[in-house]
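Structure first, then comments.
The values are calculated or read from the model by the stated rules, or taken from the named source; none is laboratory data. Here the structure is a predicted model, which means the values were calculated and not measured. Note: ideal-geometry Cβ built from the backbone for every residue, glycine included; neighbour counts use all protein chains shown.
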Ligand SMILES: CC(C)(COP(=O)(O)OP(=O)(O)OC[C@H]1O[C@@H](n2cnc3c(N)ncnc32)[C@H](O)[C@@H]1OP(=O)(O)O)[C@@H](O)C(=O)NCCC(=O)NCCS
């Protein structure tokens with residue numbers, strides 16, 4: 001990727017369908033995809049190539065979520081850039097959930113994996129459900145926090 005080929009910007013209403021399509025393509029949580037919370041990266045032709053959001057939960061927590069990079073555009077630092085930009089504008093503490101193998105990646109931004117006793121009710125519920133239904137063939141869902 002040449003940096004000048006990619007534009008990073010807050011999403012607009014007309015990006016909503018492309019955000020949903022990218023999130024579905026990479027098979028992450030397709031719920032709560034309000035475009036107004038998203039930061040997106042688009043290629044020169046306008047194609048949406050990466051996205052991410054800061055998602056508020058009813059219990060008052062904030063989550064770095066929906067980090068997705070189109071398969072054709074991976075391994076070029078796009079996720080890192082989307083995350084850095086979202087973190088720059090977000091309050092703390094900030095939570096996230098990820099497959100355990102991605103922990104080292106998020107640790108580079110200062111996120112720390114939480115022990116079960118540190119989880120809020122929302123993240124306790126999500127971790128329990130994910131580990132029951134999504135990780136039956138190995139791995140687990142980690143909850144991390146940046147203070
Ligand atoms: C995970 C994902 C967002 C990474 O996007 P990317 O643009 O390729 O990532 P970057 O090029 O910015 O690389 C970031 C780092 O993540 C690491 N990484 C990427 N995928 C990884 C994986 N599956 N397991 C472990 N590390 C991984 C890279 O090695 C890189 O490490 P570095 O900082 O030491 O160079 C992308 O593969 C994706 O969209 N996956 C499907 C959706 C998903 O899992 N999202 C995350 C939900 S928590």
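Name the one entry in 109, 133, 105, 123 that is surrounded by fewer than 13 Cβ atoms within 10 Å (Cβ to Cβ) and either touching a helix residue (DSSP H, G or I) at 6+ places or on another chain (Cβ under 8 Å) or not assigned by TED's automatic domain parsing to the domain that holds residue 27 (or both).
Values: 109 fails: surrounded by fewer than 13 Cβ atoms within 10 Å (Cβ to Cβ); 105 fails: surrounded by fewer than 13 Cβ atoms within 10 Å (Cβ to Cβ); 123 fails: surrounded by fewer than 13 Cβ atoms within 10 Å (Cβ to Cβ).
Exactly one of 109, 133, 105, 123 is surrounded by fewer than 13 Cβ atoms within 10 Å (Cβ to Cβ) and either touching a helix residue (DSSP H, G or I) at 6+ places or on another chain (Cβ under 8 Å) or not assigned by TED's automatic domain parsing to the domain that holds residue 27 (or both), namely 133.
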Within segment 91-114, restricting to residues that are within 10 Å of the ligand (Cβ to nearest atom) and within 11 Å of the chain's Cα centre (by Cα), the one that is farthest from residue 142 (Cα to Cα) is 106
*Any chance segment 42-54 includes a residue that's away from the ligand (no atom under 12 Å from the Cβ), closer than 24 Å to residue 123 by Cβ and in contact with a helix residue (DSSP H, G or I) (Cβ under 9 Å, 6 or more places away or on another chain)?*
yes
- Message: It is to be established whether one or more residues within segment 138-146 are over 15 Å from the mean Cα position of the chain (by Cα), surrounded by fewer than 17 Cβ atoms within 10 Å (Cβ to Cβ), touching a residue at least 40 places away in the same chain (Cβ under 8 Å) and within 12 Å of the ligand (Cβ to nearest atom).
- Response: yes
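If I go through segment 67-78 residue by residue, how many of them are surrounded by fewer than 20 Cβ atoms within 10 Å (Cβ to Cβ) and either without any contact (Cβ under 8 Å) to a residue 24 or more places away in the chain or not in a loop (DSSP other than H, G, I, E, B) (or both)?
Here is the first cut: in segment 67-78, the residues surrounded by fewer than 20 Cβ atoms within 10 Å (Cβ to Cβ) are 70-77.
Add one more test, that the residue is either without any contact (Cβ under 8 Å) to a residue 24 or more places away in the chain or not in a loop (DSSP other than H, G, I, E, B) (or both), and what stays is 71-75.
Looking only at that region, the number is 5.
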